[in-house]
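Below is one structure, written out as structure tokens; the observations come after it.
The values are calculated or read from the model by the stated rules, or taken from the named source; none is laboratory data. What you see is a predicted model, and the numbers here were worked out from it, not measured in a lab. So basically every Cβ, Gly included, is an ideal-geometry build from the backbone, and we count neighbours across all protein chains shown. What goes into the accessible areas is simple: the full protein's heavy atoms, side chains included, and nothing from ligands, DNA or RNA. Shrake-Rupley method; radii C 1.70, N 1.55, O 1.52, S 1.80 Å.
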Amino acid sequence: MTTAEQTEFLSGGLRPHECRSCGTCVLVKKNSIQHTSIQWTSRPAETCPVFADADGPSALLDTCPKLADSIGDAVREGSLAVADG
């Protein structure tokens, strides 16, 4: 059973973010500089070219490096805040 605290940690603070490379929209929360929570709002292999071009099952990819760069840019620009400051 999920507690309210677990639900808040997992989904609270998620914000839409559009990848600057391909336009795929995901939900993102930066819990710290090192930790990023990403929830895909679509099937990655259908909307992200990096996942679509994977040499094996796309589920084996950690994330898309272009999406990670896009999220990093948003943090540096201040349009995506880091939860711990």
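For the chain, the per residue solvent-accessible surface stands at 67 Å², with DNA, RNA and ligands left out and a 1.4 Å probe. When the Cα atoms of the chain are aligned to their principal axes, the ranges along those axes come out at 37, 37, 19 Å in descending order. A simple count of charges around ARG20, restricted to other residues whose Cβ falls under 12 Å of its Cβ and scoring Lys, Arg +1 and Asp, Glu -1, yields -3. Between CYS22 and ASP62, the simple spin-label model (points 7 angstrom out along Cα→Cβ) gives 1.8 nm.
Given R0 = 35 Å, the distance between the Cβ atoms of ASP73 and ALA4 translates into a calculated FRET efficiency of 0.60.
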